[in-house]
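The values are calculated or read from the model by the stated rules, or taken from the named source; none is laboratory data. Keep in mind that this is a model prediction, so the values were computed, not measured. Ideal geometry is used to build each Cβ from the backbone, glycine not excepted, and the neighbour counts take in all protein chains shown. For the accessible areas, the whole protein counts, side chains as well, though only heavy atoms, and no ligand, DNA or RNA atoms are used. Shrake-Rupley method; radii C 1.70, N 1.55, O 1.52, S 1.80 Å.
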Amino acid sequence: MEQQTFFSANNEKNQPLAARMRPRDLDEFAGQEHLLGPGRVLRKLIEGDQITSMIFWGPPGVGKTTLAKIIANRTQSRFVTFSAVTSGIKDIRNLMKEADENRFYGGRTIVFVDEIHRFNKAQQDAFLPFVEKGAITLIGATTENPSFEVNGALLSRCKVFVLKPLQTEDIVGLLRRSLTDPRGFGGQDIEISDGQLAAIANVANGDARNALSTLEMVVLNGGMEGERTVITDDIIAQCTSRKSLLYDKNGEEHYNLISALHKSMRNSDPDAAVYWLARMLEAGEDPMYIARRVTRFASEDIGIADSRALEVAVAAFQACHLIGMPECSVNLTHAVVYCAMAPKSNAMEVAYMEAAKDAQADFAAPVPLQIRNAPTKLMKELDYGKDYMYAHDYEEKITPMECLPDSLAGKRYYHPTTQGLEARYKERLEQIREWKEKHRNQNL
């Protein structure tokens, strides 16, 4: 149990900026509107002191521990904090005994376990019976996927809330507040531009703690002009180890760089593609954004010329989600180089765009009767499913049956190229179309 001392006030002033500026209530909390916006479930649970067992899952610096502290300040329950790094089975059992006794007298105990993924199975199992019988309400915080890191039985009794990386504007708001709040630099005259705050926020990559720590270092190293602290781009560059600091994730340079990456891969230039990838990541771009674009590229510009490209891209996307920066940079490089070297075909995009154009032109084109489902007697009487040809009943496993609406019969959307494996699909498709045409004419 932490005790107050004569020196507590001074100790608080000596804490890092991120600790001093930790939100004290939900009104100060930044981001996570999907969970804490007006009327959202988690906000209502916290404000109503109706906390149930839950897991906060998200990357570092997004507010998991802060939410736990806000709950601790609002709840009428006994609130106990556990560290997965320093606590063992004996500590858990002692706490569970106390919680049982507290429940006997009508009290509630909320147990917050930081980094719950660091607890081994035996430690997690020790909580289970007490969560089941309601002796404790468990709140766990983890940066790892709880599906893999938390005991399944325990996880099934907890609601998982996914916290997202903070948006740039959320972090900029935190930085501005720290410049005026007495807990931060409110008593100092600091000259720093909106662009410089945005640069710090961009580099933080969704991590509020990282951004506040950077701001603190920047201010401590700022130049003095009388009583005023002046922040320059050079100071920010030194404190962030970034050369390209004015990269705007929503501005022209953002789109220029992703275009350069995309077109380098399309032009089968892995060296240029890796360079543009590095330019974006080193400037603080969200790796998940890049992973989404690479995944799109795998089908838009490669398709079944090499279907493995989509598998590699999706795997890189999952790696970015699971481990984040800086580790996932090599996973993105893997996907980018693979896509750059793969044979190219835009047949998938062309097929969809042509089909979408026709779909938009005639949304009312009826589904042919022969391929409609007929689960009821009335539908059968209306000829739903009549003349349907089940491909597996035929030796060639194909039939001449028309599957497009009458107004589009015979229309071609997929135009395979001769690149990579698509050459084989092209040959196969030509054989299928020739066979169908021949047998359709015979049936006529």
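Of all residues in the stretch 391-422, which are surrounded by 14 or more Cβ atoms within 10 Å (Cβ to Cβ), touching a residue at least 60 places away in the same chain (Cβ under 8 Å) and not hydroxyl-bearing (Ser, Thr, Tyr)?
If the condition is that a residue be surrounded by 14 or more Cβ atoms within 10 Å (Cβ to Cβ), touching a residue at least 60 places away in the same chain (Cβ under 8 Å) and not hydroxyl-bearing (Ser, Thr, Tyr), then 416, 419, 420, 421, 422 are the ones that fit.
In the stretch 250-292, how many residues are within 25 Å of residue 422 (Cα to Cα), surrounded by 16 or more Cβ atoms within 10 Å (Cβ to Cβ) and either out of contact with any helix residue (DSSP H, G or I) (no Cβ under 7 Å at 6 or more places or on another chain) or charged (D, E, K, R) (or both)?
So the count comes out to 1.
Can you confirm whether residue 5 is among the polar types (S, T, N, Q), at pLDDT below 85 and surrounded by 14 or more Cβ atoms within 10 Å (Cβ to Cβ)?
no
Give the stretch 20-66 a look and list any residue that's over 22 Å from residue 205 (Cα atoms), assigned to a helix (DSSP H, G or I) and open to solvent by 70 Å² or more (accessible area, probe 1.4 Å), or say none.
41, 44, 47
Return the residues of the stretch 320-340 that are surrounded by 15 or more Cβ atoms within 10 Å (Cβ to Cβ), part of a helix (DSSP H, G or I) and touching a residue at least 24 places away in the same chain (Cβ under 8 Å); say none if nothing qualifies.
320, 329, 332, 333, 335, 336, 337, 338, 339, 340 - these are the residues of the stretch 320-340 that are surrounded by 15 or more Cβ atoms within 10 Å (Cβ to Cβ), part of a helix (DSSP H, G or I) and touching a residue at least 24 places away in the same chain (Cβ under 8 Å).
So which residues in the stretch 360-369 are modelled with pLDDT under 90 and open to solvent by less than 60 Å² (accessible area, probe 1.4 Å), if there are any at all?
If the condition is that a residue be modelled with pLDDT under 90 and open to solvent by less than 60 Å² (accessible area, probe 1.4 Å), then 365 is the only one that fits.
For the stretch 21-56, which residues satisfy the criterion of being at pLDDT 90 or above and among the aromatic types (Phe, Trp, Tyr)?
The answer is 56, and nothing else.
Please verify whether residue 295 is in a strand (DSSP E or B), closer than 30 Å to residue 200 by Cβ and either open to solvent by less than 50 Å² (accessible area, probe 1.4 Å) or modelled with pLDDT under 95 (or both), treating the condition exactly as stated.
In short, no.
Against the definition (assigned to a helix (DSSP H, G or I) and open to solvent by 60 Å² or more (accessible area, probe 1.4 Å)), how does residue 388 come out, yes or no?
It is false that residue 388 is assigned to a helix (DSSP H, G or I) and open to solvent by 60 Å² or more (accessible area, probe 1.4 Å).
Does any residue of the stretch 67-86 turn out to be surrounded by 16 or more Cβ atoms within 10 Å (Cβ to Cβ), of a type in the set (Gly, Ala, Ser) and out of contact with any Phe, Trp or Tyr (no Cβ under 8 Å at 6 or more places or on another chain)?
Yes - at least one qualifying residue is present in the stretch 67-86.
Enumerate the pairs (first residue in the stretch 145-172 and within 24 Å of residue 37 (Cα to Cα); second residue anywhere and open to solvent by 50 Å² or more (accessible area, probe 1.4 Å) and among the small types (Gly, Ala, Ser)) with beta-carbon separation below 9 Å, excluding pairs fewer than 6 apart on the same chain, so at least 6 apart or on different chains.
Hits for this filter: 160/147.
Among what's in the stretch 198-238 and is without any contact (Cβ under 8 Å) to a residue 12 or more places away in the chain, more than 21 Å from residue 281 (Cβ to Cβ) and in a helix (DSSP H, G or I), pick the residue that is least open to solvent (accessible area, probe 1.4 Å).
Among those residues, the one meeting the criterion is 234.
As an exercise: evaluate residue 344 against (1) over 24 Å from residue 266 (Cα atoms); (2) not in a helix (DSSP H, G or I) and give the number of the one condition it does not meet.
Checking residue 344 against (1) over 24 Å from residue 266 (Cα atoms); (2) not in a helix (DSSP H, G or I), the one that fails is (1).
Checking residue 344 against (1) surrounded by 17 or more Cβ atoms within 10 Å (Cβ to Cβ); (2) closer than 30 Å to residue 204 by Cβ; (3) at pLDDT 95 or above: exactly one of these is not met. Which one?
(2)
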